[in-house]
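Rule-based calculations on the coordinates, nothing more; no lab input. Just so we're clear, the structure is a prediction, and the values are computed from it rather than from any experiment. Every residue, glycine among them, receives a Cβ derived from its backbone with ideal geometry; neighbour counts consider all protein chains shown.
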Amino acid sequence: MPDGASALQLVFGGDPGLYRIVALSLYVSVAAVLLAALVALPFGAFLALVKFPGRTFVVVVINAFMGLPPVVVGLAVYLLLSRSGPLGFLGILFTPHAMIVAQALLVIPIIAALTRQTIEDLWTEYREELTALRVSPARRVGTLIWDARFSLVTTLLAGFGRAAAEVGTVMIVGGNIEGFTRTMTTAIALETSKGDLPLAMGLGLVLVTIVIGVNAIAWGARRVGELRAG
Amino acid sequence: MMRAPITDLPLAFENASLRIGSVDILAGLNLEIPAGAPTILLGPNGSGKSTLLRLAMNLVRPTAGRITWGRRNHPDERLAMVFQRPVMLRRTAAANVAYALGRRDERRVTELLDRVGLSPLAARPARRLSGGEQQRLALARALARDPEILFLDEPTASLDPAATKAVEDIIANVAASGVKIVMATHELGQARRLAGDIVFLARGRLVERAVAATFFNAPKTAEAAAFLRGDLVI
C-alpha cells in the first residue's frame, strides 16, 4: 500500500506545510469551541432554569439547530461578512477569524442544547436543596454549571468534534487559501479531488489522531477531577 | 430604645391545605409551633409530614389557608432544612459547608465540622462520605445558616444504629443550644428520645397534638393508640 506508506512518511517527516495546516485547524476549532462555550453554557443554563413564554419553542429550535447544515451557516456568515454585507466593514472574510465565527455558530446549538439538558436534570436533583439554602438565582447558575462540569466536558468535546470535522462552512468563509486558511478538512477535500492521496491520507490520519488524543486527555482530566471532587 | 429581634416563632398554620390535582396532601391544618423543646411530626408514610415541613420552610405555598412565621406572612432567612436524602455538592466536605456559609471563613467552617464530628474528613469529597457522614454534613451545612428553626425530614431514615445515634446526639445538642427543632419521623423510639411535643398526622390531617409524655402514655385518639401499638394506620 504505497499511499499509506507515503502518508506516514509525510506525517512523521516533519513537513512544515502539513504542520501549519494542523496548527491552523486546531487553532480555529479550539477558538470556535471556546467562543461558542462563552455564549452557549450560560444560555443553556438560562434555558434550563428560567421559564418564559415561548421557551419550549426556543428549546425545540436549539435542538433542531444541532443538525444545522454547515453550508447554510457558511452561506449566512459569508453574506454577513462579505463587503456589501452588514458586517463587511470588519474585513475578516477569507481569514481564520471568519472561520472561527462560522464554526462557533455551528457549535453553539450543540453546546447550548446539551447544556440545557444537563443543567435541567441536575436542577431537578438540586432544586430543593439550593432553595432551602436560599441560594440566589445567579449563584444557582454558577453552582449548577460547576457541579455539572464533568458532564459539560463531554458537551464541549461534542462541540469540538463537530468543529474539527467541519468542511463546508470553512471552505465558504475561509476560501481554503494555502498557508492562510487551509485546514485539515479542506485540504483533505482538495487533495483528494486533485488525486494526491498520500497527503489526504496523512492529513486524515493526523485529524483522527488529534480527535482521539483530545478526547483521551479530556477523559483523563474528567476521571482525575471526579476522583478528587466526588 | 432597643428593638426586639425578628423571630419566626411561633410558626402557625391557619386552616392550611395543599391540594395537588384532586388529592389533598394536607387538609385544613391548624397548628401552632412555639419556641422550646423539639416538636416531632409523627405518622405513617404518606401522612403529610414532609409536606408540612416544606410548607413551613416556605418551599411550597399552601393552596388554601395561610402560614405565618412570628405572626408575619413571610419568614426571616433563619430557617434551615435537612432532607431525608440530602444532595451533596460536588466538592469537599469543607467546601460544602463554606458554600452554605456564603463566605470565606475557614474558622467557622472548622467549627461547624467539629460540631458534627467531621473535621478529620474536611478534605474528602462530600459524595464519597458514608450515608451517616453525609447526613452530619447536611446538618453542618444547615447550621451554617445560623437557624432559629431547623427542619429535619426523617434524617436517620436509612442509617444504621451507630450513625443514627451520632445524628441524634447532634440534634439533641443543637436543640439544647436554643435552636427550635421540627423533625419528621415515623420511628417511635426516636420520637420518644427526642420529642418535647408530638404532632401526630394521618392521611394529611392533624390527628393529635400533645406533650410527648402524654402522647405516649395516654393517647387521646384511636388512630394514635393504634400507631403506638404498632398497628398499621392506613
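Within straight-line reach of B:Lys220, meaning a Cα separation under 29 Å, sit the following lysines at least 8 residues removed in sequence or on another chain: B:Lys49, B:Lys180. Near B:Gly132: Cβ cut-off under 12 Å, other residues only, Lys/Arg at +1 and Asp/Glu at -1. The net charge is -2. Under a Gaussian network description of chain A, with springs only between Cα atoms under 10 Å, the residue in A:Thr154, A:Thr186, A:Thr209 that fluctuates furthest is A:Thr209. Would you work out which of B:Ser177, B:Leu194, B:Val109 lies farthest towards the positive end of the dipole of the range B:83-234? Charges go on Cβ: Lys and Arg +1, Asp and Glu -1. Sorting the options by dipole projection puts first B:Val109. Backbone amide hydrogens, once placed in the peptide plane, bring B:Val199 within less than 5 Å of B:Ile40, B:Leu41, B:Leu42, excluding anything fewer than 5 places away on its chain. Where is the GNM fluctuation largest for chain A (alpha-carbon springs, 10 angstrom cutoff): A:Val39, A:Val77, A:Val50? Most flexible of the set in this elastic network: A:Val50. Taking the centroid of alpha carbons for each part, the range B:35-97 and the range A:38-110 are 44 Å apart. Its Cα centre serving as origin, chain A has a Cβ charge dipole (Lys and Arg +1, Asp and Glu -1) of approximately 660 debye. 3J(HN,Hα) along the range A:107-112, derived from phi through the Karplus expression 6.51 cos²θ - 1.76 cosθ + 1.60 where θ = phi - 60°, amounts to 7, 3, x, 5, 5, 5 Hz, with x in place of Gly and Pro. What residues of the range B:161-199 lie in the reach of a label at B:Val211, counting those whose backbone N is under 11 Å from a point 7 Å from the Cα along Cα→Cβ? Once the point is set 7 Å along Cα→Cβ of B:Val211, B:197 turn out to lie under 11 Å by backbone N, inside the range B:161-199. Comparing A:Glu128, A:Glu166, A:Glu178 in a Gaussian network model of chain A where C-alpha atoms under 10 Å apart are linked, the largest mean-square fluctuation is found at A:Glu128.
Near the amide H of B:Arg91, within less than 5 Å, lie the amide hydrogens of B:Ala126, B:Arg127, all on another chain or at least 5 residues away, with H placed in the peptide plane. Remark: spin-label model distance B:Ala218-B:Arg104 equals 6.1 nm, labels positioned 7 Å along the Cα→Cβ axis.
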